[in-house]
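Notes to accompany the following structure.
The values are calculated or read from the model by the stated rules, or taken from the named source; none is laboratory data. Since we're looking at a predicted model, the values are computed, not measured. Using ideal geometry, Cβ is built from the backbone for each residue, glycine included, and neighbour counts are taken over all protein chains shown.
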Amino acid sequence: MTKVQKIINDPENIVAEVIDGLVLASHGRLRKLEDAPALLRTDIEPGKVALLVGGGSGHEPMYSAYVGRGLADASVCGNIFASPPPNHIHAATVAASQGKGVLYVYGNYAGDVMNFDMAAEMAAEDGIEVRTVLVNDDVATDKPEDRRGIGGAFYIVKIAGAACAEAKSLDEAEAVVRKAQASTRTIGVAVRAGSLPETGEPTFELGEGEIEIGLGVHGEPGVERSALMPADELTEKMIDRLVNDLPFRRGDRVAMLLNNLGATTQMELLIVNRKARQILGEKGIEVARTDIGAYFTSQEMAGFSITLIRLDDELERLIEAPCESLPFTHR
Amino acid sequence: MTKVQKIINDPENIVAEVIDGLVLASHGRLRKLEDAPALLRTDIEPGKVALLVGGGSGHEPMYSAYVGRGLADASVCGNIFASPPPNHIHAATVAASQGKGVLYVYGNYAGDVMNFDMAAEMAAEDGIEVRTVLVNDDVATDKPEDRRGIGGAFYIVKIAGAACAEAKSLDEAEAVVRKAQASTRTIGVAVRAGSLPETGEPTFELGEGEIEIGLGVHGEPGVERSALMPADELTEKMIDRLVNDLPFRRGDRVAMLLNNLGATTQMELLIVNRKARQILGEKGIEVARTDIGAYFTSQEMAGFSITLIRLDDELERLIEAPCESLPFTHR
Amino acid sequence: MSDRLTVDQTKAALVAAADAIIASTERLTKADQAIGDGDHGLGMARGMKAAKEALDKKPAATVGDLFKTVGMAIVSTSGGASGAVFGTLFTGAGKVLAADTLDAEGFATALAEGQKAVQARGKAEPGHKTMLDALAPAADAARAHAGAGLPVAARAAAKAAEEGAERTKDMVAQFGRARTLGDRALGHPDPGAISVTIILDAFASTIEG
Amino acid sequence: MSDRLTVDQTKAALVAAADAIIASTERLTKADQAIGDGDHGLGMARGMKAAKEALDKKPAATVGDLFKTVGMAIVSTSGGASGAVFGTLFTGAGKVLAADTLDAEGFATALAEGQKAVQARGKAEPGHKTMLDALAPAADAARAHAGAGLPVAARAAAKAAEEGAERTKDMVAQFGRARTLGDRALGHPDPGAISVTIILDAFASTIEG
Ligand SMILES: Nc1ncnc2c1ncn2[C@@H]1O[C@H](COP(=O)(O)OP(=O)(O)O)[C@@H](O)[C@H]1O
Ligand SMILES: Nc1ncnc2c1ncn2[C@@H]1O[C@H](COP(=O)(O)OP(=O)(O)O)[C@@H](O)[C@H]1O
Ligand SMILES: [Mg+2]
Ligand SMILES: [Mg+2]
Ligand SMILES: [Mg+2]
Ligand SMILES: [Mg+2]
């Protein structure tokens, strides 16, 4: 396979330069923590329940670009595809904390869980209460405790951001985010691998004409490897698996996210949207809101994921609530 | 070269299905014209100066996803990389017109110019006045009349949308959009080709380790083919060419768009942003606003463009004005 | 060999031209891939299919009506530069053909008028590596041989177009998507010029035959 | 062969272990590419470089202080699963080494405590295809040979780790990024288990040497 050409400088500096780039793009709304690769809002409302997100880098805009008003208060950036260490998470926790506790929202990966847990223990020693909601929306795995966090993280972070902005207590914020987590399901498909920026090598191999349904954002295997098929057929397979999982039922009201994993065109996602709406319509599932774009990427992986989240009045209000960040502004 | 795997159905139906996908994603804010592949706002304010955009498809979200409140009132969709015919443009013109005239904004390509001109003549016979502002921001060509419309189209359409929303006359709207056009410069770079969705074949060839500065959105050649270089060096070359072209001067206030041509990661664009800001800072050019994302793509071409637009109070106000569309909501 | 075509005979010649373009889709695609964006064949074929349908449906009192029908069909379905250019060519030619027969004089005038209309629409001139580099010499040849009757004039036009298209290989493009190609377009003929050749050749063959 | 290491000797053994990991970066990268995301070698090397710097700078009163220094350095610079797991291993081991020398008894206890700490942190168990499948048999072997003195116990632990790592080839991963690989992980050893082997082998060699 030919190497992927990347517009970078020294691979060792990627994370640091991305953070600088984000701070500059924020025009004063974000700052870098002095002693850790973490981003913080400059204008965290005093006394609020704080929201901290993070994980391995390389999935931009997830997580760091979702720091902003009505979204996360802080994000901790690990190396490419590697959880940040606990001391960095702890430093960001201390900086974000406004005395009402800190909610951690991140993806369910072994490394992240251990490191964030260690940070939470360190925070407890400082008297900062931490609660954790793991994003585990990927239906490709059967056991819920094994489920990875993928595209649906966007809706969970969006809702968590709005919930933490208005919550009177950490308990209250945690409860609504747990509800969002329990209502969210995602299925992905990859048609071409992304690469590790340090090496330019693809993270996995797909044969020509091959696609993999359920493949994870680091190339973890999915539920079915098959030949490339028409968009309509693929969409049907994916929606069926999603709907049957929660399950979503006739009369449900949902938001739908079509997430570009990197190199897929909006043209293709719009074609998928057309078919997805047709199928959901037939099943009596009402789509109240549509988001289409690159929300959680895996470098230049080609493919996409479909996320459905079942809405109630509270979740819908929080998803529609104003927020402000680099890729997603919605006032 | 291996074929690019696309998630599509019958290639003949791409444009029609994309339009359906957009209409569904708009949740009632857009409709398809009955007799032409064109999108219209459902809630055009009566009596406003109308804004019509369009061109060949395949560059999504440009142009059709920029139909919305505070943006364009109508968009006409040609086949992939081909101008729409005059009768389609004319039908959309008639549908969008609110009696105050229609402003056409589109890219400076021979086919588009001829077809939109023919449509304008047809509209004139109906008593609808049309004015045209061609986007020609690409500094890769020397002669201004030869300059192509690329990434900067986003700022021109954004400003045109806000201007048409408030303008008392077509004259007034045209004047401010001409000012925007004259203040906008873009330079692109490609590190890998995109493909024609009908065939899966790349639209041009770049050798391994080769990049091309100034390459156009359909693979038109640029100013310099060279070896892949570090992001900082590339950014410096590009910014220098941009700044010297207008020229942008010490004390100028600008907005900067880093446009993903398709398959480039946000990570890379943030690294470029860091260096771009450093260079502009040294030149005394103040960046008042930053946009980073896939605003004008060329299928899954890897590469990006940098756009600078010189702001005055009026242009800055119009760029920051509320608007609403699928990929870009800013109230 | 008929020296004066009826409306029906003219229609047959136009259908033959349309069929020839449709049969050449692949060749035109390749030509546009080399120096353009590869859609010229698809666009021309789309337009010519629509032209055939329209010729079938629309009654024509004059030969000019037929040319206008073809022009309108192309302009409204081809898209791209070729939709405008070839649509304008046929519509322009049709405007000066008010009779119910087509003779050599009419043919020469129609080509000249078509060329004028194309230049007015697209602002290109012969030498800019466009279809005009086949069309202009064809119009000249038709005028020069108008006295020798329609079959001779039509064949002369077709031959001049072919030579003109060949000469575009040595030209640097000034218009269309290929214009920014600069020197890289050298050695490749202009796709639109090839289309002109194909159309005129089929037209001449029908008359001859 | 020393049966009881001083603080300085223990430090030398830890530096040797760090150097061995750093020298194996490529091998560990390959192993993680096969069944994970390819960053294990980079992460371990980053942690071990930091550990060496910290050992250089930080004064140590007990051998436990040295282990804790290594653990803290790894946990705060490696990142990923291995940062947490190997950091916890060294920190856990250090907690039970309160003396200023390291003997076979202390070594065996430290490995056992380290194992306990890793299991508490990561919830995995031996058999789940993680570094525990090298660490648990190593701890058992150290305990079994504690009576035979430090060099023997250390070598026995290293050998048991190596055999344990080898056995992970036949296991289906239950934890870490590789867990969703299912059967596809068969035939490949666990990268973390290889790291345990490399560390214990270097440790044993220094003691022997
Ligand atoms: N201004 C012009 N005048 C005359 N012919 C033109 C002009 N611009 C382009 N053409 C012709 O159109 C052809 C390209 O057609 P096509 O590929 O369909 O259009 P596009 O350039 O929009 O892809 C060129 O080969 C050329 O002959
Ligand atoms: N829960 C766990 N308990 C013990 N060891 C684990 C656990 N999860 C992962 N590991 C170890 O970590 C190694 C992977 O480390 P590394 O590649 O650095 O982390 P990541 O999985 O975050 O990329 C695995 O080979 C395994 O030995
Ligand atoms: Mg990792
Ligand atoms: Mg074209
Ligand atoms: Mg073309
Ligand atoms: Mg790993």
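Things worth noting here:
- Filtered by the rule that a residue be part of a helix (DSSP H, G or I) and within 8 Å of another protein chain (Cβ to nearest Cβ), the stretch A:276-301 gives a lone residue, A:Arg277.
- The set of residues in the stretch C:98-125 that are assigned to a loop (DSSP other than H, G, I, E, B) and either surrounded by fewer than 19 Cβ atoms within 10 Å (Cβ to Cβ) or hydroxyl-bearing (Ser, Thr, Tyr) (or both) comprises C:Ala98, C:Ala99, C:Asp100, C:Lys123, C:Glu125.
- When A:Ala65 is tested against the conditions (1) closer than 25 Å to A:Tyr109 by Cβ; (2) modelled with pLDDT of 95 or more; (3) within 13 Å of chain B (Cβ to nearest Cβ), the lone failure is (2).
- Within the set A:Val130, A:Val94, A:Val102, A:Val113, the sole residue that is β-branched (Val, Ile, Thr) and without any contact (Cβ under 8 Å) to a residue 24 or more places away in the chain turns out to be A:Val113.
- For the stretch D:22-61, the candidate set comprises residues that are free of Cβ contacts under 8 Å to residues at least 40 places away in the same chain and acidic (Asp, Glu); within that set, the residue that is farthest from ligand 5 (Cβ to nearest atom) is D:Asp56.
- Residue in the stretch D:170-178 that is modelled with pLDDT of 95 or more, buried (at least 21 other Cβ atoms within 10 Å of the Cβ) and not polar (S, T, N, Q) present: no
- Hits in the stretch B:87-121 (condition: in contact with a Ser or Thr (Cβ under 7 Å, 6 or more places away or on another chain) and part of a helix (DSSP H, G or I)): B:Asn87, B:Gly111, B:Asp112, B:Asn115, B:Phe116, B:Ala119, B:Ala120
- Count - residues of the stretch B:229-279 that are over 25 Å from A:Asp10 (Cβ atoms) and among the acidic types (Asp, Glu): 2
Yes/no matrix, rows are residues, columns are (1) out of contact with any Lys or Arg (no Cβ under 6 Å at 6 or more places or on another chain); (2) surrounded by fewer than 24 Cβ atoms within 10 Å (Cβ to Cβ); (3) not aliphatic (A, V, I, L, M):
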| site | (1), (2), (3) |
| --- | --- |
| B:Ala25 | yes, no, no |
| B:Asp35 | yes, yes, yes |
| B:Lys48 | yes, yes, yes |
| B:Arg69 | yes, yes, yes |
| B:Phe81 | yes, no, yes |
| B:Ala92 | yes, no, no |
| B:Gly111 | yes, no, yes |
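- Residue within the stretch C:121-137 that is within 30 Å of B:Pro86 (Cβ to Cβ), touching a residue at least 40 places away in the same chain (Cβ under 8 Å) and among the hydroxyl-bearing types (Ser, Thr, Tyr) present: yes
Here's the yes/no breakdown for (1) of a type in the set (Asp, Glu); (2) at the interface with chain C (Cβ under 10 Å from one of its Cβ atoms); (3) more than 20 Å from B:Ala321 (Cα to Cα):
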| site | (1), (2), (3) |
| --- | --- |
| B:Leu40 | no, no, yes |
| B:Val49 | no, no, no |
| B:Leu52 | no, no, no |
| B:His59 | no, no, yes |
| B:Gly70 | no, no, no |
| B:Asp73 | yes, no, no |
| B:Ser83 | no, yes, yes |
| B:Ala91 | no, no, yes |
| B:Ala95 | no, no, yes |
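- Taken over the stretch A:52-62, the criterion of being more than 16 Å from ligand 2 (Cβ to nearest atom) and either part of a strand (DSSP E or B) or not acidic (Asp, Glu) (or both) is satisfied by A:Leu52, A:Val53, A:Pro61, A:Met62.
- Yes/no for C:Ala134 being more than 14 Å from chain B (Cβ to nearest Cβ), more than 16 Å from ligand 2 (Cβ to nearest atom), closer than 26 Å to B:Tyr109 by Cα and modelled with pLDDT of 95 or more: yes
- Residue in the stretch B:140-163 that is among the aliphatic types (A, V, I, L, M), more than 14 Å from chain C (Cβ to nearest Cβ) and assigned to a loop (DSSP other than H, G, I, E, B) present: no
- Criterion (buried (at least 24 other Cβ atoms within 10 Å of the Cβ), within 16 Å of ligand 3 (Cβ to nearest atom) and within 14 Å of chain A (Cβ to nearest Cβ)) met by exactly one of D:Gly71, D:Gly83: D:Gly83
- Only listed residue being more than 12 Å from chain A (Cβ to nearest Cβ), modelled with pLDDT of 95 or more and farther than 24 Å from A:Leu39 by Cα, chosen from B:Phe248, B:Phe304: B:Phe248
- Those residues of the stretch B:195-220 which are over 22 Å from the mean Cα position of the chain (by Cα) and at the interface with chain C (Cβ under 10 Å from one of its Cβ atoms), in sequence order: B:Glu198, B:Thr199, B:Glu201
- Taken over the stretch B:224-244, residues that are surrounded by fewer than 16 Cβ atoms within 10 Å (Cβ to Cβ) and more than 14 Å from chain A (Cβ to nearest Cβ) amount to 3.
- Among the residues of the stretch B:1-26, those that are more than 7 Å from chain A (Cβ to nearest Cβ) and over 19 Å from B:Gly262 (Cα atoms) comprise B:Asp10, B:Pro11, B:Glu12, B:Asn13, B:Ala16, B:Ile19, B:Val23, B:Ser26.
- Among the residues of the stretch B:315-329, at least one is more than 8 Å from chain A (Cβ to nearest Cβ) and among the β-branched types (Val, Ile, Thr).
- Restricting the stretch B:122-134 to residues that are part of a strand (DSSP E or B) and among the aliphatic types (A, V, I, L, M), the residue that is surrounded by the fewest Cβ atoms within 10 Å (Cβ to Cβ): B:Leu134
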